[in-house]
Amino acid sequence: MDKINFVSKKMKTKTMELMAPAGNWESLRAAVNAGADSVYFGVEQLNMRARASMNFELSELKEISAFCSQHKVKTYLTLNTIVYDHDLSIVKKLIDEAKKQHISAIIASDQAVISYARSAGMEVHISTQVNITNIETVKFYALFADVIVLSRELSLNQVKKITTAIEKEQIKGPSGRLIEIELFGHGALCMAVSGKCYLSLHSQNSSANRGACMQNCRRTYTVIDNETQNELLIDNEYIMSPQDLCTIDFLDKIVDSGVKVLKIEGRGKAPEYVKTVVKAYREAIDAIENNTYNTAAIETWMEDLKSVYNRGFWSGYYLGQEMGSWHNTSGSLATQKKIYIAKGTHYYPKTQIAEFEVEAQHIAKGDSILITGPTTGVVESSIDELYVNGKPALLGKKGDQITFRLAERIRVTDKLYKLIPNPELQ
Amino acid sequence: MISISLQQKKCIGCNYCAEIAPELFRMSKKDGKSVLLHATHKGDYQNLKTNDFFREDALKCKEVCPVKIIKVHDCKS
């Protein structure tokens, strides 16, 4: 009997926690609905996406915590920039409020933040900004933190050595649990080690380490020898722009390396990106747990991942054998593109009819659509039957009131987009 | 006279303005954001009319602000 209980309990143990980015309410809801186990987000300015459009306000912590707790999703507040003396008061204010609102942990890099969070009784997770690459540093930070993200520049062999040592030496965090190792699983990579880049600061006074990266590395450059005026022949002018990290095709190896938390990058990305990426990785992690992780499934997930913003994919340094892989075009290689069409005006719950006012372009019967909003999150559907100004129609134009059947409730704060194949890739 | 405005809500607390022009800006110990000294407050904005003596410093602050929330204008009175 005991044996049966043990087996069933063991099967329920999560292989790996899936951690999703939330830059706003749309993305937060999209992440939760798509199956994230935890979300990370910034409040005010002291995080690596400090611009206001990618952050929440302090007063929203309560609602975030309540919403995530209702869905059994953990909440991590990022407080991981360089911290100056004038920031210390807001650091304390943010941590105190996080504690009050039952936020699960603080993601930190500066010792002032780590120290205050611990004194306030908050769980601490170590940020990628600390660039942890060996077991002794893990031991050091285990004095303060329960989860530690490793440097993206390590190979999985190096990761495995660290997780094995944690197990063997029983390295525990303040909670008394074994230290959990977190790894970046998907999204943008930085050309500098663990994001420690000063290009943006030097060129535009806009420090990446204060969350204001201007992404100099994503532009084209020519290299000229000033002495001879000879231009260096480079086959790709995007000499500093890495392709995006994607690990879905070797996620089983990441699980095998002992990683406990898989982090998706992208607090600055659109909500449909968060939904698509989280859904794919959720399915992949579940497939590994259920022994259904296979080539056919990987191909389907890869197609889904390619449909949203990406600079082309590579495996980073995890598999150890590849040199850097560079992006060679401007912007995204997403196979799908969204075009803004209409704003939400009404929803008739009994008949499940959504009503929108067309503000730009046009929409036709049969079109694939995307609806996003702070309460709705992300809804993807298609228009099977279209009514324009109350009558059946094939096309809705600017100024028209359109209605169509939709199972999900929409709101006046929602925006409707048409999804089309990306013309730049045709 | 010049008119300076600061949209404080969007400040990321980089400290450059307070470093360049301590007579005009100071970092708030309350929220880590910049404060335009002696300004009047209207909504998200802090506004100050001051004499031309501060023009160069104010323009330098406007130029270096990474989130472009400092504006400087000439005013008639």
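The values are calculated or read from the model by the stated rules, or taken from the named source; none is laboratory data. Since the model is a prediction, treat every value here as computed from it, not as a measurement. Here Cβ is always computed from backbone atoms with ideal geometry, including for glycine, and neighbour counts include all displayed protein chains.
Below, the figures for the structure above:
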item: Any chance A:Ala120 is of a type in the set (A, V, I, L, M), out of contact with any Leu (no Cβ under 8 Å at 6 or more places or on another chain), more than 14 Å from chain B (Cβ to nearest Cβ) and over 28 Å from A:Ser257 (Cβ atoms); result: yes
item: Test: residue in the range A:154-167 that is within 22 Å of A:Lys74 (Cα to Cα), at pLDDT below 95 and away from every other protein chain (no Cβ under 14 Å); result: no
item: Subset of the range B:24-44 [more than 14 Å from every other protein chain (Cβ to nearest Cβ) and either of a type in the set (Lys, Arg) or at negative phi (or both)]; result: B:Leu24, B:Leu36, B:Leu37, B:Ala39, B:Thr40, B:His41, B:Lys42
item: Helices (runs of 4 or more DSSP H) completely within the range A:220-319 that count 2 or more residues being of a type in the set (Gly, Ala, Ser) and at pLDDT 90 or above; result: A:271-289, A:295-307
item: Among residues of the range B:1-23, those that are within 13 Å of chain A (Cβ to nearest Cβ) and touching a residue at least 12 places away in the same chain (Cβ under 8 Å), counted; result: 13
item: Odd one out for B:Val64 among (1) within 22 Å of A:Glu57 (Cα to Cα); (2) within 11 Å of another protein chain (Cβ to nearest Cβ); (3) not charged (D, E, K, R); result: (1)
item: Unmet criterion (only one of (1) within 13 Å of chain B (Cβ to nearest Cβ); (2) under 15 Å from A:Phe41 (Cα atoms)) for A:His86; result: (2)
item: Test set (1) surrounded by 14 or more Cβ atoms within 10 Å (Cβ to Cβ); (2) of a type outside the set (S, T, N, Q); (3) more than 30 Å from B:Cys11 (Cα to Cα) - A:Gly176 fails condition number; result: (1)
item: Residue, surrounded by the fewest Cβ atoms within 10 Å (Cβ to Cβ), within the range A:277-302, restricted to residues that are among the hydrophobic types (A, V, I, L, M, F, W, C), under 25 Å from A:Ala22 (Cβ atoms) and in contact (Cβ under 8 Å) with a residue 40 or more places away in the chain; result: A:Met302
item: Residues located in the range A:90-108, provided they are within 11 Å of chain B (Cβ to nearest Cβ) and within 22 Å of A:Val130 (Cα to Cα); result: A:Ile90, A:Val91, A:Lys92, A:Leu94
item: Residue tally, condition buried (at least 22 other Cβ atoms within 10 Å of the Cβ) and among the small types (Gly, Ala, Ser), over the range A:93-104; result: 1
